[in-house]
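Just below is one structure, and these are the notes that go with it.
The values are calculated or read from the model by the stated rules, or taken from the named source; none is laboratory data. On a predicted model such as this, the values are computed, not experimentally measured, just so you know. For neighbour counting, all protein chains shown are included, and Cβ atoms are generated from backbone atoms with ideal geometry for every residue, glycine included.
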Amino acid sequence: MADILQTPEFWVAVAFLIFLGILGYVGVHKTIIDALDKRAAGIKADLDEARRLRDEAARLVAEYQRKQHEAEREAEAIVTEARAEAERVAAEARAKMEEFVLRRTKQAEAKIGQAEVQALAEVRAAAADAAVAAAERILTQSAKGNVAQDLIARGIQDVKTKLN
């Protein structure tokens, strides 16, 4: 054992044990343990904060996805309503156009009917004038004298009354 007391390793070990004893007496181990506990508590608090933030982020993502789906549904409803409105406006425009065309057709038919009546009246008047002129020529050539004049006047009067 005397040999062990003379080795530097022994004295280093003794000094180390004394150093550890002094550290234990002063309470360094409690300080180290407290520091480690504080560090562990800080890490736990950071992890709890991270979980809370993750949960809040997940909740916000879910809320924004819900809002996005609502906005998409609302946009679809607006598009559907706009299409229905466009179809309704197109149907109204089609109905108004058909009514306009029908009214214009009736007006054109009425104008054509008036033109036919007027043309028929003009043709009858022209035919009556032609018949009167022809009758007058024929009667003047075949009948002579006062009788001829009477016949011509009466014939012209009859033709004018019947044709007009």
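Quick check on segment 27-39. Is at least one of its residues exposed (fewer than 10 other Cβ atoms within 10 Å of the Cβ) and either in a loop (DSSP other than H, G, I, E, B) or in contact with a Gly (Cβ under 8 Å, 6 or more places away or on another chain) (or both)? Can you show your working first?
Of all residues in segment 27-39, those exposed (fewer than 10 other Cβ atoms within 10 Å of the Cβ) come to none.
No.
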Conditions (1) part of a helix (DSSP H, G or I); (2) surrounded by 10 or more Cβ atoms within 10 Å (Cβ to Cβ); (3) modelled with pLDDT under 90 -> Lys144 fails only (1)
Screening Arg103, Arg124, Arg73 for residues that are surrounded by 10 or more Cβ atoms within 10 Å (Cβ to Cβ), assigned to a helix (DSSP H, G or I), basic (Lys, Arg) and in contact with a helix residue (DSSP H, G or I) (Cβ under 6 Å, 6 or more places away or on another chain) leaves only Arg124
